[in-house]
Amino acid sequence: LTMPTALKLGIILCSFGLILFFYVFYPIMVARKFPEKIIPEEIPRYIPKREITWYKIRKPGEIFTDTFNLFVAKFSKFSQIFFRIIFPMCLVLMVVIFLVEYARFDYISSYWYDTMGTLFGTHDYFTFYKFFGWSVPLTFMITSCGYVMHDESTEISMRLYLKYTLRHFLSIYLFSLVIYSIFLFSPGWVLFFAIFIAPFLVVIGSIITLEKVNFFKAVARSFEINNNGYGNALGAMIALICISMIFFFMLHNPFKMGIIMLIDEILKEALITTTDYYMVIIAAVNSVIYLLYFFVVLTICFVAFNLMNYSALESKTARGLYERLEKFGRRNKNFETEIDFE
């Protein structure tokens, strides 16, 4: 027996009617009757928190990855300290330099190293007030990295940060003078060879704040703990130098497509017919950009230096390994414990 065509058509139409009723008309009726229940509730996207294992032997790639993860995660706190404390300090020093050496900025050439040299006191532009002056914000920048990396509060406390900085200020300031003097007084070939001893030098600031020792003990300690992790630290140093050069290439490059070069052309066109001091204004704008550049680059570098120190300590003392061994065998196969979430 075959089903009549009219019956087939009736089944199809009824099925189609039921689908329309339940999925179109009935939802419309419910929505009109209970409009308050159709307001969509936005569910926040779950972002798992990435935990950093401090005491861990890191390869150069791991140092690089963890550095940028920390920098991105803590960028808000880094920038708050910089713009509320360090940047105003830099602006005051910059104003003093422009007032004292106004003529140099007015008749300076268009080369970036003349502006930067006059601002930071390199080579022929060296003066003691710049040397001792710029080491102060550098000190605050080093301590900001050590403080923010371990700060788990939702809001950064400037009072606690300043207290933390003052506790280590003298030793970190001496460390800043050493680092700054290497860049000021060393010829190019010395800077090249300095890369090979840099893994012993750059962790001194981290040792001072982490182990709460003075500058001289930190120097001795750096050579004591960095023997085993020298290769990884050197590889990370080379990677950081390359990153710094890439960032600087964005500001200046031989193709005249750098950010500063484009800004200089715009400012020159706008100011050359309105003021005789347009070169000073351009130099001031360039100086502010250099300060922002060093904020990003130095923050990344000093975060990496802290991680290098932890890696060297783990290689020397195996502290992290001992902590993991203490938890070995304490996991429950039937019930989750706090250890399972660490």
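The values are calculated or read from the model by the stated rules, or taken from the named source; none is laboratory data. The shown structure was predicted, so the numbers you read here are calculated from the model rather than taken from an experiment. Here the Cβ positions follow ideal geometry from the backbone for every residue, glycine too, while neighbour counts run over all protein chains shown. Surface accessibility is based on the protein's heavy atoms, side chains included, excluding ligands, DNA and RNA. Shrake-Rupley method; radii C 1.70, N 1.55, O 1.52, S 1.80 Å.
Per-residue ellipticity at 222 nm for the chain, helices alone: DSSP H runs ≥ 4 residues times -39500 (n - 2.57), over residue total, nearest 500 deg cm²/dmol?
Rounded to the nearest 500, it is -23000 deg cm²/dmol.
Under the rule of at least 5 residues apart or a separate chain, name every residue whose amide H is placed under 5 Å from the amide H of S186.
Close amide H contacts, sequence-distant or interchain: none at all.
For the chain, what does the convex hull of the Cα positions come to per residue, in cubic angstrom?
Normalising the Cα hull of the chain by residue number yields 337 Å³.
So how strong a dipole does segment 99-240 carry about its Cα centre when Lys and Arg Cβ are +1 and Asp and Glu Cβ are -1, to the nearest 20 debye?
420
Take M261 and S15, extend 7 Å from each Cα along the Cα→Cβ direction, and tell me the distance between the two endpoints in nm.
7.0
Tell me, how many Å apart are the Cα centres for segment 184-238 and for segment 86-140?
26
Hey, in the GNM for the chain with a 10 angstrom Cα cutoff, which one of Y26, Y180, Y102 fluctuates hardest?
Maximum among the listed residues: Y26.
Tell me the volume per residue, in Å³, of the convex hull enclosing the alpha carbons of segment 103-241.
Dividing the Cα hull volume of segment 103-241 by its residue count gives 158 Å³.
Suppose accessible area is computed on protein heavy atoms with a 1.4 Å probe; arrange R32, R84 from highest to lowest.
Of R32, R84, the descending order of accessible area is R32, R84.
So if each residue of separation counts as 0.36 nm, and I subtract the Cα-Cα distance between F216 and E326, what length gain in nm does that give?
36.2 nm
Give the Rg (one decimal place) followed by the Dmax (whole number) of segment 77-154, computed from C-alpha coordinates and expressed in Å.
Cα-based Rg and Dmax for segment 77-154 come out at 15.2, 49 Å.
Could you put L174, L234, L325, L119 in order of accessible surface area, largest first, with the 1.4 Å probe and the full protein assembly present?
L325, L174, L234, L119
Relative contact order of the chain: what whole-number percent is it, with Cα pairs under 8 angstrom and at least 6 residues apart?
Relative contact order of the chain: 26 percent.
Calculate the all-directions average of the projected area of segment 222-308's alpha-carbon convex hull, and give it in nm².
Averaged projected area of segment 222-308's Cα convex hull equals 7.2 nm².
Can you compute the label reach from L191? Point 7 Å from Cα along the Cβ direction, backbone N cut-off under 15 Å, restricted to segment 111-151.
Residues 112-126 fall inside that zone.
So what is Rg over Rh here for segment 110-162, counting just Cα atoms and using Kirkwood for Rh?
Reported Rg/Rh (Cα atoms, Kirkwood Rh): 1.20.
Quick one: ranking I11, I263 by accessible area, 1.4 Å probe, largest first, what do you get?
I11, I263
Using θ = phi - 60° and the Karplus curve 6.51 cos²θ - 1.76 cosθ + 1.60, what whole-Hz ³J(HN,Hα) does each residue of segment 240-256 get, with Gly and Pro shown as x?
5, 4, 5, 4, 4, 5, 5, 4, 5, 4, 5, 7, 9, 7, x, 8, 6
How would you classify segment 168-242 from its alpha-carbon gyration tensor, with a ≥ b ≥ c the square roots of the eigenvalues: rounded for a/c under 1.5, else prolate if a/b is greater than b/c, otherwise oblate?
Oblate, because a/c is 1.5 or more while a/b does not exceed b/c.
Calculate the spin-label point distance for I28 paired with F132, positioning each point 7 Å from the Cα along the beta-carbon direction, and give it in nanometres.
Roughly 8.3 nm, to one decimal.
Of K59/K217; K74/K256; K59/K256; K163/K316; K212/K316; K163/K212, which sit over 25 Å apart, Cα to Cα?
K59/K217; K74/K256; K59/K256; K163/K316
Taking R0 as 25 Å, what's the FRET efficiency between I272 and I246 from their Cβ-Cβ distance, rounded to 0.05?
0.20
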